[in-house]
Amino acid sequence: MSPPTRIHRRTLIMLTIFALFLAPILARAAFYALNNEPRSWRDADWSSTGALPPANEFKPARVIVFTGTTGGWKGVFSVHSWIVLKRANAAQWTRYDVVGWGNPVHVNGWPADGRWFGNRPVAIADVSGAAAEKLIPKIEAAVKAYSFSNAGDYRIWPGPNSNSFTAAMLRAVPELGVALPPNAVGRDFRDRFYAGRTDSGTGVELNLNGYAALKLGWIEGVEVNLLGLVAGLDLRHPGVKLPGFGRIGVESPVTSALAR
């Protein structure tokens, strides 16, 4: 192999990395710099969006997974995620989040359908009735068993962070048939090298502690993770996955009252 050929291939690899991973982040940063989103926690709106009815007005059991774009510089890279649930006839919703202060796992720290840093949340999974009733004990057990629930365990990158927590819950209930969006930085965190099934159980994954990963599955599509930034293709609902922007393409349906 001649030196010019090696140089050409090295240049092609570097250009590919720039186009797939760095250029989208630079574009997302430019959008952030030009918009008027709140720059501080204190200035943001955390109120309920009204998307969920009062718990006592919705009798069946229900499980919802939300994501919301975070604020400050983190919003360039990532969304925040959380899980909301209620048993049948329960008097209130229960919301589980992980955040970076105190004991990481917070219960009902914000309204169940609250804005996150002023941004309206998106439901990526919503199950109610008997199906939700079967999932709730598994989720509650996974919350109690979460390995990084002590003060000081939280780490913003590569995890364990808020999205690492939600991803762990989804692994406990693959019946939801959903994966966190590609810009949920921290979702791929593993505390060791991992080779096995994807979170949804519909594909295969190679993962180096969340610093790098490769996934191929029906729910996950094709994904390449480089230092927490994910690029790839959605096969089930055609679209592309780009760092910072998440998934762009055909909307994936959520069969729920929130989607009606």
Can you tell me which residues in segment 70-82 are surrounded by fewer than 22 Cβ atoms within 10 Å (Cβ to Cβ) and either part of a strand (DSSP E or B) or of a type in the set (K, R) (or both)?
-> K74
Taking Y194, is it at pLDDT 95 or above, more than 23 Å from D113 (Cβ to Cβ), among the aromatic types (F, W, Y) and touching a Phe, Trp or Tyr at 6+ places or on another chain (Cβ under 8 Å)?
-> no
State the number of residues belonging to segment 200-234 that are part of a strand (DSSP E or B) and either farther than 19 Å from L170 by Cβ or not acidic (D, E) (or both).
-> 21
Report the residue count in segment 126-148 for those that are farther than 26 Å from P53 by Cα, part of a loop (DSSP other than H, G, I, E, B) and at pLDDT 95 or above.
-> 2
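So, L170, is that one within 12 Å of the chain's Cα centre (by Cα) and outside any loop (DSSP other than H, G, I, E, B) or not?
Yes, satisfied.
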Within segment 141-148, identify whether any single residue is under 20 Å from A88 (Cα atoms) and surrounded by fewer than 16 Cβ atoms within 10 Å (Cβ to Cβ), and answer yes or no.
-> yes
Any idea which of (1) surrounded by fewer than 18 Cβ atoms within 10 Å (Cβ to Cβ); (2) touching a residue at least 60 places away in the same chain (Cβ under 8 Å); (3) within 20 Å of G228 (Cβ to Cβ); (4) of a type in the set (D, E, K, R) is the one D97 doesn't satisfy?
-> (1)
Considering only residues that are closer than 30 Å to G118 by Cβ, assigned to a helix (DSSP H, G or I) and of a type outside the set (A, V, I, L, M, F, W, C), look in segment 1-37 and name the one that is modelled with the lowest pLDDT.
-> Y32
Does V105 meet the test of being of a type in the set (A, V, I, L, M, F, W, C), surrounded by 11 or more Cβ atoms within 10 Å (Cβ to Cβ) and touching a residue at least 60 places away in the same chain (Cβ under 8 Å)?
-> yes
When you look at G246, is it in contact with a Pro (Cβ under 7 Å, 6 or more places away or on another chain) and buried (at least 21 other Cβ atoms within 10 Å of the Cβ), yes or no?
-> yes
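Name the residue, out of L206, L216, that is without any contact (Cβ under 8 Å) to a residue 24 or more places away in the chain, surrounded by fewer than 22 Cβ atoms within 10 Å (Cβ to Cβ), in contact with a strand residue (DSSP E or B) (Cβ under 7 Å, 6 or more places away or on another chain) and under 19 Å from G239 (Cβ atoms).
L216
The values are calculated or read from the model by the stated rules, or taken from the named source; none is laboratory data. Small disclaimer: the values here were computed from a predicted structure and weren't measured. As a convention, Cβ positions derive from the backbone with ideal geometry for all residues, glycine included, and neighbour counts pool all protein chains shown.
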